[in-house]
Amino acid sequence: MSGILFLEQSLNSLQFGLMLFLLAAGLTLVFGIMDMINLAHGSLYMIGAYLMAELVTQTGSFWVALPLALVATALVGAALEVSLLRTLYERDHLTQVLATFAIILIANEAVRMIWGPQSIMLNAPAGLTGPVQLPGGMQYASYRLAIIGVGVLVALVLYFLVTKTRVGMLVRAGASNREMAVAMGVNIRRLFTAVFALGAALCALAGALLGPILAVQVGMGENILILAFVVIVIGGIGSIRGAFVGSLLVGLVDTMGRALLPIAFAKMFPPQVASNLGPALSSIMIYVLMAAVLFLRPQGLFPARG
Amino acid sequence: MRMIWAAAAAAFAVNAQAANELKIGYLSTLSGPAGAIGVEVRDGFNLAVKMAGNKLGGLPTEVIFADDTLNPEMGKQLAERLLKRDRVNLMTGVIFSNVMLAAWPTIQEGKVFYIAPNSTPTRITGEGCNPYFVSASWPNEGHHEAAGHYAKSKGYKSMYLIAPNYPAGKDATTGFKRGFGGTISAEVYTKLNQLDYSAELAQIRAAKPAALYAFLPGGMGINFIKQFVAGGLSAEVPLVVPGFAADQDIIRAVGEPMLGIFDTSHWAYDLDNDANRKFVAAFEKEYKRIPSLFAEQGYTTALLIDAAVRSAKGRIEDVPAFHKALMAAPGRMKSPRGDFKMAHNGTPVQDYYLRVVAKDSQGRLVNKKIGTVVSGLGDFWAKDCKMK
Amino acid sequence: MKKIVILAIVACAFPLAMHALDQGFYISFATRVLIYAMAAASLNLVLGYGGMVSFGHAAFFGAGAYIVGILTFEGVTSAWITWPAAVAVAALAALVIGALSLRTRGVYFIMITLAFAQMMYYIFVSMKAYGGDDGLSLPRRSSLGFGVDLRNDFAWYYVVLFLLMIILYLLHRLVHSRFGRVIEAIRENETRAAAIGYPVYRYRLACFVISGAIAGLAGALIANQTSYVSPAILHWVQSGTLMIMVILGGVGRFWGGPVGAAVLLTLEEVFSGSKLLGPYALHWQLPVGAILLAVVLFAPRGIAGAFAKRPQ
């Protein structure tokens, strides 16, 4: 494989992994601190993308709409948490799975009723619609490069937030041992709402950024949700660092699978089969990876629980 | 007791009375990124029905819509419901070939005629041909074979092919290869409804092909072309596409980057005939947007049904009579695409034009006809059809 | 006992009534309900009685369906071969997946069963020879012999009903046997059950395999019902749907599976096809989701639980 191809595929996998990280980070915090399986996390991603598209249409500017969309989705998340999800913390996982599954159905329909069943338009901001020249003579989509930049920035900010600030310390304490944190006087309710809202904002960021590349459509959350769960299981529930490493790992396997395997298979199988086998195999590999981690190191690569 | 019911039903069937109303089961993809195509076809179809006073062929017409969401299993179930519960006496609407092939056995069992406004898989028109299936659009390979002819005329040394991995995608590459006749440097299939083409585009960049042929309809096309341009490939690699990947649904989404793209199609916005002028004017008035080739397909489908039902005097349950009427219908109607004939396997034989995306006198982005790529192109696989 | 007899009579008379009312479509619909009732009942065994939250149950359902699909496609159409084959393969898959997954607990068990189900999903997606993503149309329904033509809606309905009744009877015997009591004891307090001396792992695995086998049979039937199989049958959303049926009907209650399947599918049919609702019919998932949420939050014992006389 040529150097250019390798570089481009690496950048692609980085871009994908970082976006996955945005989703996984929120999910792992919710799961780690509140011990809640939230299947509706993907719905927040979808809502974020739809709100972004709507706000871009209303304000005419991508950069104005972005922070608004984040705040709006965070509010939606907080509202959801306070009204509904709070009652689920004490319930068993099965109940949480089912209740949040129901929320997925409701959210999908609500979005469909408001915006219609076809996907809606979200375009990259003017100025980022073309390529940039990279050292080495290769061109790469400037928008994707921007996404990578944002992803890295957010990762650093989160890392700083969680490890160096007091709020972050509370979060880590809650993830590590909730009862003890409560016993120490942490206002656990407000912390939970804040964590949930943060997770929602991260989802919205991923949805808003990926919208121009993918499509803003009903049900867009389900596909990526399952990958996010795989990531946090591999990385360790409750751990931001684990979510980061896990996302990059999954992004790598997925992109390389979509890119490398078909080339390898093209030599052995007819094109239709080879093109099908590659992505299927890489998907299987992601799940094999997760099963292996669960088997050998069930707490994940970077367990948060003390 | 069951015997009595069966005898009664048989007696009723023998009587084969003319239907006194048309209940059309319209199974289509109306949601998701691919849904835009379904909406275009539907709008064209509805326009024709409306212009005929809600009476196709003189019969009061009811159209029952069902959304398969590009899910073959759902398509099959909905077909069953339309046939058995809603008792439709005609079916149409399917956009995607994987849904078509999944639903086809059910439709066949239902013993109603299916008029295809879009997907016309070679698996149904070749060896598997059947009087109940008549297409008002084109044989699946049509546009691609024409594009192959065009690529050959441009003298490209080799072609890199990309299409989604489903029956119509395979038909696309097969048809193109036949029309082009030259070297194929690569044949890549993507997942149906895939949205992120970063991996495929990286491969294309590395392969440095002489030219690229991409069949990616609907939402897939929108994303592919946007990413193709964003990655800087539009400056490096000449792109040839079938009409499906360059019409209004994509132009509206992508905009100016589409200027200059060449595509092949069985219809063009500025075709010089009365029926087309009437169609375009009516469509723009009704829907406030420029029609695409998909809209023309839906419109012509309704016209075909109208002409056939009229000449068969409503006897749509009389299989040989209605089939004959459908075969002769193109000669009894004026379609926006111009004159066309029906081959014996139920697929249109028509001309394919070369179009380019350009601005019209009002500054809007449209697909202008430049010339004719191939005339009277039919379905290659009609030769395998053993019907009369 | 009397209730069951009445239920059986209604079930047997249903197709005749539908035919008389010229609503033949609903015979096919009812058959679908019966098949999902079997699948949901099988899930209830591991989920309700066994307390194992398996998010990968669709894998066994789909495996059974695909075995029938592939064999029929390759020309083997006798139900006497394909259906037992489906059951056997599903049971084998359950044995392998169960053996590996049951070593984990809690949320990890949920995730690992999900992982295995997704793996199987992608395996079938990769099989382009059998349709892959596009799915596989079966040329015909399985043949049963004895002059019974399964393409006839009536005959098919009664065959499925017969099988369902047998399965429910066997399940009833199972959960009221010593095995059933042990499984429930393990669900209630695993440590105590182990302390008493029961081989917890083996009991759980046996329960898992039996459940998988029944799901495989249901899968074989669904393949015949639609004459079509596709990887979507194995997707995790399908597992979720089966779970919803069980919860709706009542987890751990004997009729939970069948009741839940009947209610969910009927709601879906009523809402989505309703002419009364007009264009709103397209949004049927909203009321279904709302009802589900309500049941989960306020009626955790499900519908069957609400009708039970004694608290379980």
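FYI, it's all coordinate maths here, none of it is from the lab. Just so you know, these numbers come straight off a predicted model, no measurement behind them. Positions of Cβ are backbone-derived with ideal geometry, glycine not excepted, and every protein chain shown enters the neighbour counts.
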Exercise for review: Rounded to the nearest 500, what is the 222 nm mean residue ellipticity of chain C from helices alone, with -39500 (n - 2.57) per DSSP H run of 4+ residues and division by all residues?
Suggested key: -23500 deg cm²/dmol
Point to revise | 10 Å binning of all Cα-Cα separations within region B:60-143, expressed as whole percents from 0 upward | key: 18, 57, 23, 2
Review point. Taking chain A as a Gaussian network, Cα atoms linked when under 10 Å apart, which of A:Ala126, A:Ala201, A:Ala53 shows the biggest mean-square fluctuation?
Key: A:Ala126
Review point. Fewest first, what order do A:Ser142, B:Ser185 take by the number of other Cβ atoms within 10 Å?
Key: B:Ser185, A:Ser142
Study note, to complete from the structure: For region C:97-105, Karplus-derived ³J(HN,Hα) couplings (6.51, -1.76, 1.60; θ = phi - 60°; whole Hz; x for glycine and proline) come out as 5, x, 4, 7, 6, 5, 7, 10, 10
Check your understanding: Over all directions, what mean area does the Cα convex hull of region C:208-247 project, stated in square nanometres?
Key -> 3.1 nm²
Review point. So how tilted is helix B:167-180 from the main axis of chain B? Cα-based, degrees 0 to 90, rounded to 10.
Key: 60 degrees
Exercise for review: Rounded to the nearest 10 degrees, what's the angle between the helix A:3-34 long axis and the longest principal axis of chain A, both from Cα atoms, 0 to 90?
Suggested key: 10 degrees
Review point. Mean residue ellipticity at 222 nm from the helices of chain A, using -39,500 (n - 2.57) per DSSP H segment of n ≥ 4 over the full residue count, to the nearest 500 deg cm²/dmol?
Key: -26000 deg cm²/dmol
Check your understanding: With θ set to phi - 60° and the Karplus curve 6.51 cos²θ - 1.76 cosθ + 1.60, what are the ³J(HN,Hα) couplings of region A:38-45 in order, to the nearest whole Hz, using x for Gly and Pro?
Key -> 10, 6, 7, 4, x, 5, 5, 4
Check your understanding: Considering the dipole of the protein assembly as shown built from charges on the beta carbon (Lys and Arg +1, Asp and Glu -1) around the Cα centre, which of C:Leu164, A:Ala102, B:Gln227 is farthest to its positive end?
Key -> C:Leu164
Review point. To the nearest µm²/s, what D does Stokes-Einstein give for region B:280-345 at 10 °C and 1.306 mPa s, using the Kirkwood radius over alpha carbon pairs as Rh?
Key: 123 µm²/s
Study note, to complete from the structure: Unit-weight point scatterers at every alpha-carbon of region B:200-260, Debye formula, q = 0.26 1/Å: log10 I(q)/I(0) is -1.18
Review point. Cα gyration tensor of region B:144-208, axes a ≥ b ≥ c as square roots of the eigenvalues: rounded (a/c below 1.5), prolate (a/b > b/c) or oblate?
Key: oblate
Study note, to complete from the structure: To the nearest 10 degrees, the tilt of helix B:35-51 (Cα long axis) against the first principal axis of the alpha carbons of chain B is 50 degrees
Review point. In the P(r) worked out for region C:1-124, what percent of Cα pairs fall beyond 17 Å?
Key: 68 percent
**Study point:** Selection from B:Ala308, A:Leu39, C:Leu102 lying farthest towards where the dipole of the protein assembly as shown points positive, charges on Cβ
**Key:** C:Leu102
**Study point:** Dipole axis of chain C (+1 Lys, Arg; -1 Asp, Glu on Cβ), positive-most option in C:Ala65, C:Tyr228, C:Thr113
**Key:** C:Thr113
Revision key, fill the gap. Between B:Val63 and residues 5 or more places away or on another chain, the pairs with built amide H atoms under 5 Å apart involve B:Ile24
Check your understanding: Can you pick out the pairs among B:Lys84/B:Lys324; B:Lys55/B:Lys84; A:Lys267/C:Lys128; B:Lys76/C:Lys3; B:Lys226/B:Lys278; B:Lys177/B:Lys288 whose Cα atoms lie more than 28 Å from each other?
Key -> B:Lys76/C:Lys3; B:Lys226/B:Lys278; B:Lys177/B:Lys288
Review point. Where does the Debye-calculated log10 I(q)/I(0) of region B:212-341 sit at q = 0.11, 0.13 Å⁻¹, using only Cα point scatterers of equal weight, no solvent?
Key: -0.51, -0.66
Check your understanding: GNM on chain B, C-alpha springs below 10 Å: top fluctuator among B:Ser135, B:Ser292, B:Ser375?
Key -> B:Ser375
Study note, to complete from the structure: Honestly region B:132-277 on the Cα gyration tensor test (a ≥ b ≥ c root eigenvalues; a/c under 1.5 rounded, otherwise a/b vs b/c for prolate or oblate) is just rounded
Point to revise | Viscosity 0.692 mPa s, 37 °C: Kirkwood-radius Stokes-Einstein D of region C:2-236 over Cα pairs, µm²/s | key: 177 µm²/s
Study note, to complete from the structure: Going from the fewest other Cβ atoms within 10 Å to the most, one would list A:Val171, C:Val209, C:Val175 as C:Val175, C:Val209, A:Val171
Exercise for review: In debye, nearest 20, what is the charge dipole magnitude of region A:142-200 about its Cα centre with +1 on Lys and Arg Cβ and -1 on Asp and Glu Cβ, if you could check?
Suggested key: 60 debye
Revision key, fill the gap. Karplus-derived 3J(HN,Hα) from phi for region B:73-88 (6.51 cos²θ - 1.76 cosθ + 1.60, θ = phi - 60°), whole Hz, x at Gly and Pro, runs 5, 4, x, 5, 5, 5, 4, 4, 5, 4, 6, 8, 8, 7, 6, 5
Practice item. List the residues whose amide H sits under 5 Å from the amide H of B:Asp68, counting only those 5 or more places along or on another chain, with H placed 1.01 Å from N in the peptide plane. Key: B:Ser28, B:Thr29, B:Leu30
Check your understanding: Where the eigenvalues come from the Cα gyration tensor of chain B, what are the semi-axes √(5λ) of the equivalent ellipsoid, largest first, in whole Å?
Key -> 36, 22, 19
Exercise for review: Please label the shape of the protein assembly as shown as rounded, prolate or oblate, based on the square roots a ≥ b ≥ c of the eigenvalues of the alpha-carbon gyration tensor (a/c under 1.5 means rounded; beyond that, a/b larger than b/c means prolate, else oblate).
Suggested key: oblate
Check your understanding: Which aspartates and glutamates have a Cα lying under 18 Å from the Cα of B:Lys152, excluding residues fewer than 8 positions away in the same chain?
Key -> B:Glu141, B:Glu187, B:Asp263, B:Asp351
Exercise for review: About the Cα centre of the protein assembly as shown, how large is the charge dipole given +1 on each Lys and Arg Cβ and -1 on each Asp and Glu Cβ? Please answer in debye to the nearest 20.
Suggested key: 1360 debye
Review point. Equivalent-ellipsoid semi-axes (√(5λ), Cα gyration tensor) for chain A, whole Å, largest first?
Key: 31, 24, 19
